[in-house]
Amino acid sequence: MGLFLNVFSFIKYFLTTFCDNANMLIYNMEIQDRSQLLTEQRNPRTFNIDCKTTLEIVDIINAEDASVFTAVYKEREHIAQAADLIVTAFMEGGRLMYVGAGTSGRLGILDATECPPTYGTDPALITGIIAGGEKAVFQSVEGAEDFPEYGARDIQQKGVSHKDVIVGITTGGTTPYVMGALFEAKKRNAKTIFLCCNKETLPHFEVDIIIRPITGPEVITGSTRMKAGTATKLILNMLTTTSMIKTGKVYENLMVDLRATNVKLTDRAERIIMTVTGINREDAKKLLDLAFGNAKIAIVMQKLGIDYPEAKKRLDAQGGFVRKVLK
């Protein structure tokens with residue numbers, strides 16, 4: 001055992017001294033046994049779940065899920081700090097990118113793809129990157145997460161710069177693909193956020209913010225798509241929703257920048273205009289047409305009695321904030 005530790009220490013010293021990617025290589029050497037991770041532990045409250053009735057199983061899962069909200073609440077200050085980083089990046093022409101493997105990657109993609117229709121954002125502003133590429137969204141490509149160089153390559157291909165924010169999502173905190181992506185992003189001076197659900201894991205390099213909701217052992221041992229996945233979804237919702245509010249995409253609690261691209265969203269845009277201005281449905285339809293489908297501009301036109309060019313000009317001058325224009 002002593003000989004092994006001496007050899008390991010020598011290799012670690014050599015890599016740290018001579019290899020630019022030493023942190024990634026060392027990291028891979030140290031995570032062979034994940035049995036000590038909290039998210040890999042057996043949950044004592046579910047030892048006999050296979051003996052329960054269907055209703056009892058549902059109740060057990062529900063009771064475990066209830067603890068997720070407390071875990072996320074305890075991280076609210078870090079979540080707020082991360083949201084502020086994202087807002088600053090957006091204001092300075094940067095982007096938000098989620099990076100993950102498996103469930104984590106899919107949750108990042110889900111959150112990113114919902115922003116354009118809801119808030120009218122450019123699809124390139126918020127994106128999700130998953131180990132294994134597009135195929136992995138619909139079908140498991142498990143081996144892709146084992147290589148940090150793949151994560152670094154994907155960051156390179158995205159042209160990440162100092163303006164961008166990269167959120168590495170790894171509920172266990174050990175995914176090499178995510179670590180490689182974060183390490184490459186840090187080398188490019190991007191802002192980095194590490195999101196995991198374990199106390200035991202930490203990157204071997206500096207990151208700007210760590211968000212660590214401790215959701216505990218899963219109902220089914222190691223199935224982090226459950227409580228850890230739920231915590232991840234809640235946090236991603238908070239990051240993008242908060243950043244959209246802080247960049248003028250919301251007036252009161254209304255998504256005034258939505259894209260009226262289908263029947264449901266057109267109906268919602270009309271109702272938003274009616275709610276804010278007090279006009280009827282027919283007039284809201286006409287106003288939305290005059291505003292070229294932009295509910296935000298339609299509201300300003302009606303409230304201030306001005307035409308489309310002037311409403312757009314005033315909104316642009318106030319960074320898109322309806323409340324500032326109406327004041």
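The values are calculated or read from the model by the stated rules, or taken from the named source; none is laboratory data. Note that this is a predicted model, so its numbers are computed, not measured. Cβ placement follows ideal geometry from the backbone for every residue including glycine, while neighbour counts extend to all protein chains displayed. Please note that ligands, DNA and RNA were not included when accessible areas were found on the heavy atoms of the full protein model with its side chains. Shrake-Rupley method; radii C 1.70, N 1.55, O 1.52, S 1.80 Å.
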Other-chain or far-sequence residues with amide H under 5 Å of GLY128's (modelled H): TYR98
Restraint check, LYS199/LYS227; LYS264/LYS324; LYS249/LYS327; LYS246/LYS324; LYS135/LYS233, Cα-Cα greater than 19 Å: LYS264/LYS324; LYS135/LYS233
Which angle from 0 to 90°, rounded to the nearest 10, does the C-alpha axis of helix 102-113 make with the longest principal axis of the chain? 20 degrees
Magnitude of the Cβ-charge dipole of the chain, K/R +1 and D/E -1, about the Cα centre, nearest 20 debye? 1000 debye
Give me the angle, in degrees from 0 to 90, between the Cα long axis of helix 76-91 and the longest principal axis of the Cα atoms of the chain, rounded to the nearest 10. 60 degrees
Put +1 on the Cβ of every Lys and Arg and -1 on every Asp and Glu Cβ in segment 20-169; which of ALA89, VAL160, PRO117 then has its Cα farthest towards the positive end of the dipole? PRO117
Looking at the P(r) of the chain, how many percent of alpha-carbon pairs lie beyond 34 Å? 36 percent
Estimated [θ] at 222 nm from DSSP helical runs (n ≥ 4, -39500 (n - 2.57)) normalised by residues in the chain, nearest 500: -16500 deg cm²/dmol
Cα long-axis angle, helix 295-304 against the chain (0 to 90 degrees, to the nearest 10): 40 degrees
Only Lys, Arg (+1) and Asp, Glu (-1) charged, at Cβ; segment 105-169 dipole about Cα centre in debye: 140 debye
In whole percent, how big is the carbon plus sulfur part of the accessible area of the chain, probe 1.4 Å, protein atoms only? 54 percent
